Amino acid sequence: MARMDLMTALSNVGACEEAKRWLAAERLRAPMATKSQERWDACQRGDWMLWLAAKANVDRKRVVMAACACARLALVHVPAGEMRPLAAIETAEAWCRGEATIEQVKAARDAAWRCPASAAAAAASAAYAAYADAAAYAAAYAASAAASAAGRSSTLARCADEVRKRIAWSEVERGLYLAAGGVL
């Protein structure tokens, strides 16, 4: 398999302009570090990484498990005694292990959405993690639960670490390569 140019891959899958600007700036910052693996390792945006893994058709259950790990970061913002966001995450994790149905996941997601406004971002994080088609939003909503911009950046960076623990760049690269018809 030929080495993939990450900018080409991002353009091919419709990445947002902010992600492409980050990559361009990263290339200027460290021009010698040209490998896409190094960019994956440097990325501090777990939401982008989950989105890209999903676009690359990385195993859906692995993407959902990574999203669940990100959503768990938002649980500190859930009021004491409110269990619906945790239940949504645990149900999605159970689905990944073959221990729950997608109908159970959807029911847990719907319950998490009904959380009080004070837990809205944390509940949204859990709900998105519980819904396999929107797993990438889990990291963004986990970050939204943080009160400050610094907290948001920190949470996204922690999400990126969670994604890297569960999904290797080589898997994403292989999926992007195949999605491009094996030509990049």
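Every number here is computed from the coordinates shown, using simple stated rules; none is lab data. Not measured: the values here are computed from a predicted model.
Which lysines have a Cα less than 25 Å from the Cα of Lys35, not counting those fewer than 8 places away in the same chain?
Within reach: Lys20, Lys55, Lys165.
Using θ = phi - 60° and the Karplus relation 6.51 cos²θ - 1.76 cosθ + 1.60, list the HN-Hα couplings for segment 55-71 in order, rounded to whole Hz, with x at every Gly or Pro.
Each residue's phi maps through the Karplus curve to give 5, 7, 6, 4, 2, 3, 5, 6, 5, 5, 4, 5, 5, 5, 4, 5, 4 Hz.
Go through segment 97-104 residue by residue and turn each phi into a ³J(HN,Hα) via Karplus (6.51, -1.76, 1.60, θ = phi - 60°); whole Hz please, and just put x for glycine and proline.
Whole-Hz 3J(HN,Hα) from phi for segment 97-104: 8, x, 9, 8, 8, 5, 5, 5.
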